[in-house]
1. Which of the lysines could a cross-linker span from B:LYS30 if the Cα-Cα distance has to be under 23 Å and same-chain partners fewer than 8 positions apart are dropped?
2. Can you work out the PRE-style zone for A:LYS112? Point 7 Å along Cα to Cβ, and I want the residues of region A:127-158 with backbone N under 19 Å.
3. Measure off 7 Å from each Cα along the Cα-to-Cβ vector at B:THR18 and A:ARG57, then give the distance between these two points in nanometres to one decimal.
4. With each label point set 7 Å from Cα along the Cα-Cβ vector, what nm distance links B:VAL58 and A:HIS173?
5. Please turn the phi angles of region A:153-161 into ³J(HN,Hα) values with the Karplus equation 6.51 cos²θ - 1.76 cosθ + 1.60 (θ = phi - 60°), one per residue in order, whole Hz, x for glycine and proline.
6. Measure up A:LYS50/A:LYS112; B:LYS66/B:LYS95; A:LYS174/B:LYS47; A:LYS104/A:LYS172 against 20 Å on the Cα-Cα distance and list the ones that go over.
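Since every read-out is calculated from the coordinates, none of them should be taken as a lab result. Just so it is clear, the model here is predicted, and its values are computed rather than measured. All Cβ positions, even for glycine, are placed from backbone atoms using ideal geometry, and neighbour counts span all protein chains on display.
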Amino acid sequence: MISTSGRLARLAFAMLLLSTAWAQRRRDPLNPLEEDQLRDAAQDPAERLKLYIVFARTRLTSLEQMRADPKVTDRAQQTRDRLQNFLDVYDELNDNIDTFVERKADLRKPLKAVIEADTEFQAKLRALKSSVDANKDESKQYDFLLTNVLDAVDGGVQDHRQLLNEQEEAAKHKKK
Amino acid sequence: MVAVLLAASLLASAKTETLEELIAREEAAKVEDRPALCTEIAERQLKAADDLYTAGKVDEAQAAVKDVVTYSEKAHDAAIQSGKKLKNTEIDFRKMAAKLRDIKRSLNFDDQAPVQEAADRLESLRTDLLSHMFGKGK
């Protein structure tokens, strides 16, 4: 005979397993509030890209705060998770830029903000890379990911600058 | 130099091929060439799915999303079997998963599940590729 408290404990454990399984299965870097904000800005490239910059910046800030917190025990795992989260958001930012280019949107103004953010992200990620190089044991768990993130941002800066040049050239020809 | 020119011409021909021609080429290709070809097919079907959802053709879009998963699985298997293009394939999966999540957000709640499942499947294939790259999946 299982007591009521025993049943409750089993139920709680089952719910925990279910929620963990659900979280593992459904990996989305954005929370519902952020998704709503994006939906509201669906037709506005400038607003949508601005939101992605904010979301990406939030992820890097959260990473920095976690690493500065002396109480954190699973630093390597948390660094890895937060880097992956940043990369997922950054990939979506790039995907949105591609979509707006296909729609022939004028991205000159938002691209300037994106390039500024790229430079900020690069500096923060390089600082992280330098700091973790001093602690090889810890960084083993996320070193490859960090290199990938840096590659993605380095590639992003180049692509965004090239796209801005192309759009500025096209705008000059349009005016003539 | 010859290899670079050959690769460039292969890439150029892949871009101008119809989907059917690309699929036929993939079926006849060597295992080491399959990751790139299968990924190209998956990317094309992902673009098609996006266009079909925009046009309101949900059933056809869902079929295209299924193709994205099928050809990503083939790319994954071929990359592991050949040991080639593991990193490129992993990066392509990451980008396709991002696109799928973005498409999902533009859909009605009822239509979101298959797209989220496809994104999750690609993430799982990607994780598996990473494991192989680091020797854990051997």
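1. B:LYS15, B:LYS74, B:LYS84, B:LYS85, B:LYS87, B:LYS138
2. In region A:127-158, the label zone of A:LYS112 (backbone N under 19 Å from the point 7 Å along Cα→Cβ) covers A:157-158.
3. 5.0
4. Here the modelled spin labels are 4.2 nm apart.
5. With coefficients 6.51, -1.76 and 1.60, one gets 6, 4, x, x, 4, 4, 4, 5, 5 Hz.
6. Values: A:LYS50/A:LYS112 11 Å; B:LYS66/B:LYS95 17 Å; A:LYS174/B:LYS47 29 Å; A:LYS104/A:LYS172 16 Å.
Where the Cα-Cα span goes over 20 Å, the pairs concerned are A:LYS174/B:LYS47.
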